[in-house]
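Each remark here refers to the structure printed beneath this line.
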Amino acid sequence: MVQVAADHPVTASQARALLSDYVAILDDGPLADWPSFFTDPCLYRITTRENQERQFPLSIMLCDSRAMLYDRVEATEKANIFEPHTYRHVLSDSRIVAADGATLKLRTSFLCARTMVEGDFSLFVSGVYIDEVVQESGRCLFRSKTVVLDQSRIDTLIAIPL
Amino acid sequence: MSDVTDLASRIAWPAEGVARVPYVVYSDPGVHEWEQTHIFRGPAWHFLGLEAQLPEVGSYTLVDVGTTPVIVLRDEAGEVAAFVNRCAHKGTQLLFVPQGKVKQVMCVYHNWCYDLGGRLTSVAFEKGVQGKGGMSPDFRKDQHGLARLRVHRICGLIFGTFSDATPDFDSYVGAELVANIRRVCSRPMKILGQYSQLLHSNWKLYIENVQDPYHASILHAFNGVMKLDRLTMEGGVVKGTKGWHHMAYSKMSTDRGDEVYGKGPMRSAELSTYGHGLRDHSLSEFWDDFGDNVSLTVQTIFPTFVLQQLRNSLAIRLVVPKTPRTCQLHWIAFGYDDDDERKSALRLKQANYMGPAGLISMEDGMIGGLVQRGIEGDKEKSSVLELGGRGVEPIEGSRASEASVRGFWAGYRELMGV
């Protein structure tokens, strides 16, 4: 665990609060608020552990601007067709891996359970969030969030961001 | 083991032929088993992997052909060989790490070793220990090599077959579809990544969906509203040999579809406010990869292979049966060795269209599950496939036809004998 200087613009507890608020939006909505957690430009991508380890750049979802994040929300809410479901994220403690300049970089393990409206429940995915957090206009935001799934085989689809 | 000798009468294919598909084929365990011998071990070509996955002598990858596990490797001569992943001794799966490199294939159970040509080269304690035990003198290692598949390589793609009766690849597939493989795969390929999906539906429901151009701009609302692929664009379907395989294509710059797609009851009519609202246009940025203005080609090779070109998002898909009601869909995304940074970045951005979260492909993963559940109570009934006629001939310049779906069933019926 890296020590964070007392005057670092982003504290560990602020980054942690950002993460808690982030998963609450995915679990309980509104999804329309999801893009507001990111800077502009930004990087949000979902990939797999296998692709990371083999240094393959392919993403399952990839957004590099707030506009792309909003487009993903619109696609999810208005265009894409899928059986209704909800998420429940559970986070581990976060590990600070770097605290340089204005950025706090942290790693947090997560589990995400998915419950289908008609009843089926599963431990859908697990993985690690690799986040870079910065301060902008008095708010903590993700400059980048990489979601590395342990699973290379996904059950059916991923409709809502993780 | 279920009795499949009366499969034809059990399935009782309707008199309308390929314009109907009896629902029993999507869930019957006897049918599932019969498919293993008649399709997956039968006279058909099956996708095994990419040359790019086998860079060095001894490189290997594992793949399933139906329910048979197969090793595909680069042998000493630099050729590609494929063997059943099973030890001749007691049937143990030999290699179980999905990709890697070996000097020989060694079974962890009793140390039987095979060279990269599949020949059995050593057997532990063959001569016994201190004069006792061992194999009898008439045991011949050359009678216990690995079961080998016939392999065909084309433009970096590797196919295999178990059957001596399988026609040569070009005859099996057909000249136009072979030409599209050359069109998309002739430049040295660079793998961008891979993943898979577990689908809660029979494998044939997935491949039928891919061979169907009818749904593309409807189920995938993103397509129609974003004007990525509409049936009103210039395009069509080309059939492969006997109609078993297909290629659907369209040219994006020729669309005249606002009149059809903007009117209810088309779902895209409701979404027209969203259609004006795409905030980021970098996803729309693309270039003409092949110099022919064809922005979409989706090609299948019966029974389980797909070659996708969605603008600049290129991928191979392989569907693998697991149980009668589940299958696994594998994706390998690729570009070319000579892609510059901008092209690589755009291909990766356009990969948002494909895969389990695909803006276009997402629905393909779940629609089979809806069909599987819808038909469960009425296995003696059939689907009705009559768009564009009742045979396997496509309509020139049109994708308002299910001929390519009927073509898949023509292949299925022939190999299954039903």
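Couple of notes before you dig in:
- Relative packing of B:200-213, B:70-83, B:344-357, B:104-117, which averages over residues the other C-beta atoms within 10 Å, highest first: B:200-213, B:344-357, B:70-83, B:104-117
- Net charge dipole, region B:154-214: roughly 380 debye, given to the nearest 20, about the Cα centre with Cβ charges of +1 for Lys and Arg and -1 for Asp and Glu.
- Dipole of the protein assembly as shown, positive end: most advanced residue of A:His85, B:Met416, B:Leu192 [Cβ charges, Cα centre]: B:Met416
- Estimated dipole of chain A in Debye, rounded to 20 [Cβ of Lys and Arg +1, of Asp and Glu -1, Cα centre]: 360
- Heavy atoms of the protein chains alone define the surface here; on that basis the protein assembly as shown has 41 Å² accessible area per residue at 1.4 Å probe size.
- Restricting the GluC sites (Glu not before Pro) of region B:353-418 to loop positions (DSSP other than H, G, I, E, B) with no more than 16 neighbouring Cβ atoms within 10 Å leaves B:Glu376, B:Glu380, B:Glu386, B:Glu396.
- Normalised alpha carbon radius of gyration of region B:268-368 [divisor 2.2 N^0.38 Å]: 1.22
- Label-zone membership for region A:62-93, site A:Glu136, 7 angstrom Cα→C-beta point, backbone N under 18 Å: A:62-73
- Over 24 Å between alpha carbons, listed pairs B:Lys322/B:Lys379; B:Lys242/B:Lys379; B:Lys322/B:Lys349: B:Lys242/B:Lys379; B:Lys322/B:Lys349
- 5 angstrom amide H check on B:Leu192, placed H, neighbours 5+ away: B:Ala333, B:Phe334, B:Gly335
- Summarising the overall dimensions of chain A from its C-alpha atoms, the Rg and Dmax are 15.7, 50 angstrom.
- Taking a sphere under 12 Å around the Cβ of A:Leu157 and counting the other residues whose Cβ falls inside, with K and R at +1 and D and E at -1, yields a net charge of -3.
- Space enclosed by the convex hull of the alpha-carbon atoms of region B:90-182, per residue, Å³: 130
- Whole-number percent relative contact order across region B:1-125, with pairs defined as alpha carbons under 8 Å at least 6 apart: 14
- Taking only Cα atoms of region A:17-98, radius of gyration then Dmax in Å: 14.2, 40
- Kirkwood Rh in Å, taken over region B:1-119 so that all alpha-carbon pairs contribute: 16.7
- Complex-versus-alone comparison for region B:347-389, residues with a loss of 20 Å² or more in accessible area, probe 1.4 Å: B:Leu348, B:Lys349, B:Ala351, B:Asn352, B:Pro356, B:Ala357, B:Leu359, B:Met362, B:Glu363, B:Met366, B:Arg373
- The portion of the accessible surface of region A:12-145 made up by carbon and sulfur, rounded to a whole percent, is 50 (1.4 Å probe; DNA, RNA and ligands excluded).
- About its Cα centre, the dipole of the protein assembly as shown is roughly 1100 debye, where the only charges are +1 on Lys and Arg Cβ and -1 on Asp and Glu Cβ.
- Estimated from the Cβ-Cβ distance and a Förster radius of 45 angstrom, the FRET efficiency linking B:Ala15 and A:Glu83 is about 0.80.
- Cα-projected label distance for A:Leu111 with B:Lys379, points at 7 Å along beta-carbon direction, nm: 3.6
- Where only C-alpha atoms are counted, convex hull volume of region A:1-52 per residue in Å³: 137
- Note on B:Lys190: aspartates and glutamates with a C-alpha under 17 Å away, same-chain residues under 8 apart excluded, are A:Glu50, A:Glu53, B:Glu51, B:Glu56, B:Asp289, B:Asp337, B:Asp338, B:Asp339, B:Asp340, B:Glu341.
- Net length gained if the chain between B:Lys103 and B:Thr37 were fully extended (0.36 nm per residue, minus Cα distance): 20.6 nm
- Difference of contour (0.36 nm per residue) and Cα-Cα distance, B:Ser284 to B:Ser163: 39.1 nm
- Helix-only CD estimate at 222 nm, as mean residue ellipticity for the protein assembly as shown, using -39500 (n - 2.57) per DSSP H run (n ≥ 4): -5500 deg cm²/dmol
- The value of relative contact order for region B:12-67, using C-alpha pairs under 8 Å at least six residues apart, is 22 percent.
- Between helix A:12-28 and chain A there is an angle of about 10 degrees, using the helix long axis and the longest principal axis of the Cα atoms.
- Minimum 10 Å² accessible area buried by the other protein chains, region B:184-223 residues, probe 1.4 Å, relative to alone: B:Ile191, B:Leu192, B:Gly193, B:Gln194, B:Tyr195, B:Ser196, B:Gln197, B:Leu198, B:His200, B:Leu219, B:Ala221, B:Phe222
- The Kirkwood radius of chain B, taken over pairs of alpha-carbon atoms, gives through the Stokes-Einstein law at 20 °C and 1.002 mPa s a diffusion coefficient of 93 µm² s⁻¹.
- For the protein assembly as shown, the spread of Cα positions along the three principal axes, ordered from largest to smallest, is 83, 70, 49 Å.
- Fraction of antiparallel bridges per DSSP, the protein assembly as shown only, in percent to nearest 5: 90
- Of B:Gln372, B:Gln328, B:Gln143, the residue with the greatest mean-square motion in the GNM of chain B, using alpha carbon springs below 10 Å, is B:Gln143.
- Take the Kirkwood radius over Cα pairs of region B:121-224, plug it into Stokes-Einstein at 20 °C and 1.002 mPa s, and you get 109 µm²/s for translational diffusion.
- Largest mean-square fluctuation among B:Asp337, B:Asp280, B:Asp288, in a Gaussian network model of chain B whose springs join Cα atoms under 10 Å apart, belongs to B:Asp280.
- Computed over region B:366-411, relative contact order equals 29 percent, with contacts defined as Cα pairs under 8 Å that lie 6+ residues apart.
- Highest-MSF residue in chain B out of B:Ser27, B:Ser196, B:Ser122 [GNM, Cα springs under 10 Å]: B:Ser122
The values are calculated or read from the model by the stated rules, or taken from the named source; none is laboratory data. Everything numeric in this text was worked out from a predicted model, so none of it was measured. Every residue, glycine as well, gets a Cβ built from its backbone with ideal geometry; the counts of neighbours run over all protein chains shown. Accessible surface is based on the protein model in full, side chains and every heavy atom, while ligands, DNA and RNA are left aside. Shrake-Rupley method; radii C 1.70, N 1.55, O 1.52, S 1.80 Å.
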